[in-house]
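Visitor: Sharing a structure with you now.
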Amino acid sequence: MASSLELFGFGPQGWGHQLLLAGLMTLAVSASAFFFGIACGTLGAWGKSSHALLPRLAADVYTTVVRGVPDLLVIYLFYFGGSTAVSAIAHAFGAEGFWGLNGFLVGMLAVGLVSGAYETEVLRGAYLAIPRGEIEAAKAAGMGRWLMLHRIIAPRLLRFALPGMGNVWQQVLKESALVSVTGLVEIMRQTQIGAGSTRQPFAFYIVGFLLYLVLTTLSGFLLHAAERHSARSERRPA
Amino acid sequence: MIDTDFLAETLLKLLGGLPITLELSTISILAGVVLAVLLALLRQASRVGGLFVRAYVFVLRGTPLLLQIFLVYYGLGQFPLIRHSILWPFLREPWWCAILALTLNTAAYGSEIVRGGLAAVPTGAVEAARVAGMSRWTMYRRIILPLAFRQALPAYGNEWVIMVKSTSLASIVTLMEVTGQAYAIISETYRAMEVFLCAGAIYLTLTFLLTRAIGALEHRLTPYLRRPETTLGGLA
C-alpha cells in the first residue's frame with residue numbers, strides 16, 4: 001500500500017502531478033471537442049430541417065458517413081491529412097521538413113466532428129419538440145427572428161436537448177482516449193507512459209479506469225442537476 | 001486528378017483486413033449477447049447478483065474501450081500467476097485479448113438493453129404461461145426471452161453497429177484488420193484522404209448491410225404490426 005501511495009502520490013517519485021495534468025488535458029480536449037460538436041450539430045440540424053435540397057443532402061451525407069465509419073479512422077484522417085496539408089502550406093512559405101498538426105487540434109476537430117453527427121439528431125429532435133403554438137405566439141406578439149430565437153427557441157431547445165447532449169458529452173469524454181494515438185498526453189497516453197516506464201501496466205491502467213470513472217460520474221451528477229434545474233418550471237409544488 | 005490505380009490497390013489491401021474485422025465483430029457480438037442475457041437475468045435473480053451486475057455495468061460503461069483493451073492485453077500479463085496459468089496461451093494473443101475486451105464491453109451495454117426488453121414483457125403473458133403449467137425454463141425459452149428479444153432488437157441493432165466500428169481499436173494492439181491496414185498504408189504513403197475514402201466505403205458497406213439485416217429481422221418478428229395483405233381483392 002505504501003509503495004502504491006508513493007507511485008501515484010505527489011512526491012518526487014510519484015506520478016500524481018502528471019496524472020492530474022493528464023486528467024485536465026482530457027477535460028480540456030473533451031470540452032473543446034464537445035463545443036465544436038455543438039457547432040457542427042447546429043449546422044447539421046439546420047441543414048436537415050432546411051427546405052432546400054443542397055443543405056439537406058449535405059447534412060444527410062455528413063451524419064451517414066460519420067456515424068458509419070470508425071472514429072479512429074476519422075482521427076487518422078485529420079492527423080495525417082492535416083499534417084500533409086500543413087506541411088504543404090509550410091513548404092509554400094519556404095519552410096522545410098515535416099510539419100505536424102497539433103494533437104489537441106486534431107482531437108478537437110475529429111472527436112468534435114463525430115460528436116456533431118450525434119448532436120445533429122439531438123438538436124433536431126429538440127427543435128421538433130418545441131410546441132408550434134409557442135412560436136406562433138411569439139410571432140403574434142411581434143417578435144423579430146432574432147428576439148424569438150434567443151428568448152423562445154434557444155431556451156426551450158436547450159431544455160429538450162439537455163438529456164441527449166449529456167449522453168453525447170459522456171461519449172466524447174470516452175472517445176477522447178483515442179486522441180492518445182496522436183501523442184497528446186491525456187489520461188490514456190499518460191497511463192501508457194507510466195505503464196511503460198515503471199513496468200507496472202496493470203496498476204497504471206486501473207488508475208486510468210478510476211480517473212475516467214471519476215470524470216464520468218461527476219459529469220453524470222452535474223448533468224442530472226442541470227436537467228432538474230432546466231425542468232424546474234414543470235415541477236409541481238409539493 | 002483521381003489516381004484510380006492507387007485507389008484500387010488500396011481497396012484490395014484493405015480488404016485483406018476484412019476477415020479479421022468480420023471475425024472480431026461476429027464473435028464478440030454473439031458472445032456479447034449470451035453474456036448480456038446472463039447478466040440481465042443475474043440482475044433480476046438476487047440482490048447480490050444485482051449489485052454485482054450494476055457495478056460491472058458502471059465500470060465498463062464509464063471507461064473508454066481502448067483502456068479496457070490495454071488493461072487486458074498489457075495489464076494482465078504483469079502477473080506471474082496469469083503468465084503461468086492455462087489461460088496464458090490465449091491472453092498472450094492480441095486476437096483473443098481483443099475478443100475478450102470487446103465482448104466484456106458490449107455485454108455491459110447489452111445487459112441494459114436486455115433489461116429494458118425483459119421489463120417490457122407483459123405480466124399477462126407470464127401469468128398465462130404459468131397458468132398453462134410451464135416450468136420456469138420453458139417459460140423463459142418460449143415466452144419471456146423471445147418477447148424480450150423482439151422488444152430489444154432495435155436498440156440492440158444500434159449497439160451492433162457500434163461494435164463493428166469498435167473493432168477498429170484492435171489495430172492499436174497490432175491486429176491488422178481494416179483500420180490497421182489503413183494505418184499502415186497512410187503512414188507509408190501519406191495519402192490520408194484516399195485511404196480514408198476506401199476504408200470508409202468498406203465500413204459503410206458493412207454497417208449498411210448490418211442495419212438492413214436487422215431491419216429485415218425486425219420486420220419478420222413483428223407480423224402483427226404489418227398491415228394485412230389484401231389478397232382477397234374483389235371479395236373484400
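The values are calculated or read from the model by the stated rules, or taken from the named source; none is laboratory data. In this text the structure is predicted, and so the values were computed from the model without any measurement. So basically every Cβ, Gly included, is an ideal-geometry build from the backbone, and we count neighbours across all protein chains shown.
Visitor: Inspect all residues belonging to region B:43-52 and state whether any of them is crowded, with 16+ Cβ neighbours inside 10 Å, farther than 29 Å from residue A:199 by Cβ and in contact with a helix residue (DSSP H, G or I) (Cβ under 6 Å, 6 or more places away or on another chain).
Guide: So the first thing to find is which residues in region B:43-52 are crowded, with 16+ Cβ neighbours inside 10 Å, and the list is B:43.
Going one step further and asking which of them are farther than 29 Å from residue A:199 by Cβ, we end up with B:43.
Narrowing further to those that are in contact with a helix residue (DSSP H, G or I) (Cβ under 6 Å, 6 or more places away or on another chain): B:43.
Checking region B:43-52: at least one residue is crowded, with 16+ Cβ neighbours inside 10 Å, farther than 29 Å from residue A:199 by Cβ and in contact with a helix residue (DSSP H, G or I) (Cβ under 6 Å, 6 or more places away or on another chain).
Visitor: If you don't mind, another one. When the residues of region B:173-197 are filtered to those that are at the interface with chain A (Cβ under 7 Å from one of its Cβ atoms) and not polar (S, T, N, Q), which remaining residue is farthest from residue A:192 (Cα to Cα)? Step through it out loud before you land on a result.
Guide: Of region B:173-197, the ones at the interface with chain A (Cβ under 7 Å from one of its Cβ atoms) are B:179, B:182-183, B:186, B:190, B:192-193, B:196.
Cutting the leftovers down to not polar (S, T, N, Q) gives us B:182-183, B:186, B:190, B:192-193, B:196.
Values: B:182: 23, B:183: 20, B:186: 24, B:190: 26, B:192: 26, B:193: 29, B:196: 27 Å.
Checking each candidate, the answer is B:193.
Visitor: Among the candidates B:188, B:177, B:194, single out the residue that is surrounded by fewer than 13 Cβ atoms within 10 Å (Cβ to Cβ), of a type in the set (Asp, Glu) and more than 16 Å from residue B:33 (Cβ to Cβ). Can you show your working first?
Guide: Values: B:177 fails: surrounded by fewer than 13 Cβ atoms within 10 Å (Cβ to Cβ); B:194 fails: surrounded by fewer than 13 Cβ atoms within 10 Å (Cβ to Cβ).
Every option except B:188 fails the conditions.
Visitor: So which residues in region A:99-111 are farther than 17 Å from residue A:87 by Cβ and surrounded by fewer than 21 Cβ atoms within 10 Å (Cβ to Cβ), if there are any at all?
Guide: A:104 - this is the single residue of region A:99-111 that is farther than 17 Å from residue A:87 by Cβ and surrounded by fewer than 21 Cβ atoms within 10 Å (Cβ to Cβ).
Visitor: To continue, here is another question. Among the helices (runs of 4 or more DSSP H) confined wholly to region B:66-123, which include 1 or more residues that are within 22 Å of residue B:147 (Cβ to Cβ)?
Guide: Details: elements: B:80-83, B:88-91, B:94-119.
Ranges flagged: B:94-119.
Visitor: If you scan region A:83-98, which residues turn out to be surrounded by fewer than 14 Cβ atoms within 10 Å (Cβ to Cβ), within 14 Å of another protein chain (Cβ to nearest Cβ) and not in a loop (DSSP other than H, G, I, E, B)?
Guide: A:88, A:91, listed by residue number.
Visitor: Does region B:101-121 contain at least one residue that is surrounded by fewer than 21 Cβ atoms within 10 Å (Cβ to Cβ), modelled with pLDDT under 95 and farther than 19 Å from residue B:158 by Cα?
Guide: Yes, region B:101-121 contains at least one residue that is surrounded by fewer than 21 Cβ atoms within 10 Å (Cβ to Cβ), modelled with pLDDT under 95 and farther than 19 Å from residue B:158 by Cα.
Visitor: All but one of (1) away from chain B (no Cβ under 14 Å); (2) under 30 Å from residue B:74 (Cβ atoms) hold for residue A:198; state the number of the condition that does not hold.
Guide: Evaluating residue A:198 over (1) away from chain B (no Cβ under 14 Å); (2) under 30 Å from residue B:74 (Cβ atoms) leaves (1) as the failure.
Visitor: Only one residue in B:35, B:60 is within 12 Å of another protein chain (Cβ to nearest Cβ), surrounded by 17 or more Cβ atoms within 10 Å (Cβ to Cβ) and under 27 Å from residue A:178 (Cα atoms). Which one? Quick ask: steps written out before the conclusion?
Guide: Numbers: B:35 fails: within 12 Å of another protein chain (Cβ to nearest Cβ).
After ruling out the rest, the residue left standing is B:60.
Visitor: Hey, does region B:84-91 have a residue that's surrounded by fewer than 19 Cβ atoms within 10 Å (Cβ to Cβ), within 13 Å of chain A (Cβ to nearest Cβ) and within 21 Å of residue B:20 (Cα to Cα)? Walk me through it before giving the result.
Guide: Step one: of region B:84-91, the residues surrounded by fewer than 19 Cβ atoms within 10 Å (Cβ to Cβ) are B:84-91.
In the following step, the residues that additionally are within 13 Å of chain A (Cβ to nearest Cβ) were identified as B:91.
Still in the list and also within 21 Å of residue B:20 (Cα to Cα): B:91.
The answer is yes; a qualifying residue exists.
Visitor: Can you name every residue in region A:33-67 that is touching a Leu at 6+ places or on another chain (Cβ under 9 Å) and closer than 17 Å to residue A:178 by Cβ?
Guide: A:33, A:34, A:36, A:37, A:66
The rows are residues; the columns are (1) surrounded by 16 or more Cβ atoms within 10 Å (Cβ to Cβ); (2) away from chain B (no Cβ under 14 Å).
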| residue | (1), (2) |
| --- | --- |
| A:39 | no, yes |
| A:43 | yes, yes |
| A:66 | yes, no |
| A:81 | yes, no |
| A:113 | yes, no |
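Visitor: Give me the pairs: first residue in region B:206-232 and away from chain A (no Cβ under 14 Å), second residue modelled with pLDDT under 85 and exposed (fewer than 10 other Cβ atoms within 10 Å of the Cβ), beta-carbon distance under 6 Å, and six or more apart or on different chains, which are they?
Guide: Listed pairs, sorted by first residue: B:230/B:236.
Visitor: Separate question: Take residue A:189 and decide whether it is away from chain B (no Cβ under 14 Å) and either touching a residue at least 24 places away in the same chain (Cβ under 8 Å) or under 30 Å from residue A:134 (Cβ atoms) (or both). Working first, answer last.
Guide: Numbers: away from chain B (no Cβ under 14 Å): no; either touching a residue at least 24 places away in the same chain (Cβ under 8 Å) or under 30 Å from residue A:134 (Cβ atoms) (or both): yes.
The answer is no for residue A:189.
Visitor: Between A:197, A:176, A:180, which is of a type in the set (Ser, Thr, Tyr) and surrounded by fewer than 18 Cβ atoms within 10 Å (Cβ to Cβ)? Outline the logic, then answer.
Guide: Values: A:176 fails: surrounded by fewer than 18 Cβ atoms within 10 Å (Cβ to Cβ); A:180 fails: surrounded by fewer than 18 Cβ atoms within 10 Å (Cβ to Cβ).
Result: A:197 is the single residue among A:197, A:176, A:180 that is of a type in the set (Ser, Thr, Tyr) and surrounded by fewer than 18 Cβ atoms within 10 Å (Cβ to Cβ).
Visitor: In addition: Just one of B:143, B:202 is β-branched (Val, Ile, Thr) and farther than 29 Å from residue B:112 by Cα; which is it? Please lay out each step first, then the result.
Guide: Numbers: B:143 fails: farther than 29 Å from residue B:112 by Cα.
Just one listed residue meets the conditions, B:202.
Visitor: Given the condition within 14 Å of another protein chain (Cβ to nearest Cβ) and under 19 Å from the mean Cα position of the chain (by Cα), answer yes or no: does some residue in region A:223-232 qualify?
Guide: Step one: filter region A:223-232 for residues within 14 Å of another protein chain (Cβ to nearest Cβ), giving A:223.
Next cut, under 19 Å from the mean Cα position of the chain (by Cα) only: A:223.
Yes; the residues of region A:223-232 include at least one that is within 14 Å of another protein chain (Cβ to nearest Cβ) and under 19 Å from the mean Cα position of the chain (by Cα).
Visitor: Kindly establish whether residue A:207 is within 30 Å of residue A:127 (Cβ to Cβ), part of a helix (DSSP H, G or I), in contact with a Phe, Trp or Tyr (Cβ under 8 Å, 6 or more places away or on another chain) and of a type in the set (Val, Ile, Thr).
Guide: No, not satisfied.
Visitor: With the structure loaded, tell me whether residue B:118 is under 17 Å from the mean Cα position of the chain (by Cα) and of a type outside the set (Val, Ile, Thr) or whether it fails that test. Break it down into steps so the answer makes sense when it comes.
Guide: Details: under 17 Å from the mean Cα position of the chain (by Cα): no; of a type outside the set (Val, Ile, Thr): yes.
Criteria not met by residue B:118.
Visitor: Then there is this: Report yes if some residue within region A:21-28 is in a helix (DSSP H, G or I), among the polar types (S, T, N, Q), within 14 Å of chain B (Cβ to nearest Cβ) and closer than 26 Å to residue B:66 by Cα; otherwise report no.
Guide: yes
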